[in-house]
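Throughout, read-outs are computed from the coordinates displayed, never taken from laboratory work. Computed from a prediction, not measured in an experiment: that's the story for all the values here. Ideal geometry is used to build each Cβ from the backbone, glycine not excepted, and the neighbour counts take in all protein chains shown.
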There are 2 protein chains.
Amino acid sequence: MSVSATDQKQEQIIEAALKRFAHFGVAKTTMSEIADDLSLSKASLYYYFPDKTALVLAVGENILSVFLDEQSKALANAQSFEEGINAIIEVRICFGRKYFMMHIGDGQSDVNTADPKFKTALDHLKQTELDMMAAYIRQYQKEKVLKDVDAKETAEVLLDVLVGLWIAEIHIHQKSFVPTNELFERIRTKTKRMVSIFCDGIKRN
Amino acid sequence: MSVSATDQKQEQIIEAALKRFAHFGVAKTTMSEIADDLSLSKASLYYYFPDKTALVLAVGENILSVFLDEQSKALANAQSFEEGINAIIEVRICFGRKYFMMHIGDGQSDVNTADPKFKTALDHLKQTELDMMAAYIRQYQKEKVLKDVDAKETAEVLLDVLVGLWIAEIHIHQKSFVPTNELFERIRTKTKRMVSIFCDGIKRN
């Protein structure tokens with residue numbers, strides 16, 4: 001099979017796995033189910049992905065890469081500092097909601113996503129988000145919209161707060177295993193309130 | 001036995017249990033160990049606390065009550081708005097560190113602290129903290145230090161962020177079961193940075 005055909009097949013598998021993982025979670029999805037979804041033999045599936053962990057990793061990296069891309073676009077299209085941050089919040093809620101059952105990065109991950117390679121991919125995501133946010137802050141510092149705070153430290157705190165409010169809401173207030181609309185509304189409301197105060201705190205008067 | 005003797009014995013038991021729970025966690029502490037610590041028969045121990053859950057609840061309520069008291073004192077003694085918030089952070093880190101193994105309110109609780117009565121006690125704590133913080137914000141609004149933001153909503157966001165940064169750090173960055181000095185230093189640094197921006201965001205110019 002040609003390289004592009006292999007690539008295409010891999011993409012189809014990732015897409016099928018992503019659907020199952022997103023709905024049932026990683027632990028409750030078997031390789032057989034994914035093979036069946038694609039009318040593929042298990043042997044063929046294992047030709048492309050030697051084990052479930054490899055597939056989980058590929059799916060995870062796929063999600064993280066789109067997640068970064070969407071956040072980057074959100075910032076690039078913003079007409080004001082707050083608009084960019086609020087757009088980021090929407091991207092994060094949208095992804096968090098869509099892939100909730102995979103629990104990527106919320107500390108409740110399935111055994112399969114606890115693989116060190118997955119941690120490396122997450123660390124890479126965090127570093128890229130941090131660089132992106134610091135650059136965004138610097139841009140508005142140049143335009144004299146923001147105070148001369150340390151851009152990297154400020155970006156770090158802002159991202160930590162976004163993650164923190166998300167996790168606090170899920171771990172403490174939400175105890176059912178499937179998330180509700182109310183949960184995401186609460187996260188949105190609290191995060192927007194927080195970000196509004198945060199922006200006021202770093203903007204020039 | 002007189003009522004005060006009963007009370008005294010209960011307090012001794014709570015104190016002994018608190019020591020074990022704080023060091024080993026709730027799950028790894030047996031009622032026998034607590035009885036032995038006090039040279040008490042198991043029958044006597046069960047006279048005062050009919051089961052482990054009742055004892056865990058009493059210990060938890062004890063901790064929460066002192067926790068509230070310390071926070072309240074910290075705010076009352078503050079010479080400026082920021083000083084109060086920073087003092088609150090220190091109280092929270094001190095308690096979080098001291099009772100880390102009990103995982104009160106960080107979403108990682110032992111089975112025994114998942115009792116509904118414990119949840120009620122935690123909810124009560126949260127409500128009292130919220131009222132206390134809202135009153136603190138209103139006080140500095142009267143003195144024209146803070147903007148006319150909604151005091152209750154602002155208090156809620158601030159408390160959520162304090163919890164959120166704590167949990168994010170523990171669930172995501174910290175994976176060993178015993179906390180390190182570095183962990184608490186990171187929480188302190190990030191929280192103080194965040195609170196500094198937060199205060200700038202709600203202060204009048």
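In terms of Cα to Cα distance under 23 Å, which lysines are near enough to A:K73, apart from those fewer than 8 places away along the same chain?
In chain and number order, the partners are A:K98, A:K126, A:K142, A:K144, A:K152, A:K192, A:K203.
Which value, in Å to one decimal place, does the Kirkwood hydrodynamic radius take for the range B:14-117 when every pair of different Cα atoms is included?
Values: mean 1/r = 0.0672 Å⁻¹.
The Cα-based Kirkwood calculation yields 14.9 Å.
Compute the helix-to-body angle for B:3-24: its Cα long axis versus the longest principal axis of chain B, expressed 0 to 90° and rounded to tens.
The two axes meet at around 70 degrees.
How far apart, in nm, are two points set 7 Å out from the Cα along the Cα-to-Cβ line at B:K73 and at A:E70?
4.9
Based on the Cα coordinates of chain A, what is the per residue volume of their convex hull in Å³?
On the way: hull volume 26.7 nm³, N = 205.
Residue-normalised Cα hull volume stands at 130 Å³.
By counting other Cβ atoms within 10 Å of each Cβ, how are B:K142, B:K73 ranked from fewest to most? Could you put the intermediate results ahead of the total?
Working: B:K142 9, B:K73 12.
Fewest to most other Cβ atoms nearby, the residues stand as B:K142, B:K73.
For B:Q79, place a label point 7 Å from Cα along the Cα-to-Cβ direction in every copy; what are the distances to the other copies, in nm, shortest first?
4.8
Can you tell me the orientation of helix B:151-168 relative to chain B, as the angle in degrees between its alpha-carbon axis and the longest Cα principal axis, to the nearest 10?
60
Shortest first, in nm, what separates the label point of B:T6 from those of the same position in the other copies (7 Å along Cα→Cβ)?
7.8
Tell me the Rg and the Dmax, in Å, that the Cα atoms of the protein assembly as shown produce.
24.6, 88
Taking a label point 7 Å from Cα toward Cβ, how far is B:D148 from its twins in the other copies, in nm, shortest first?
3.5
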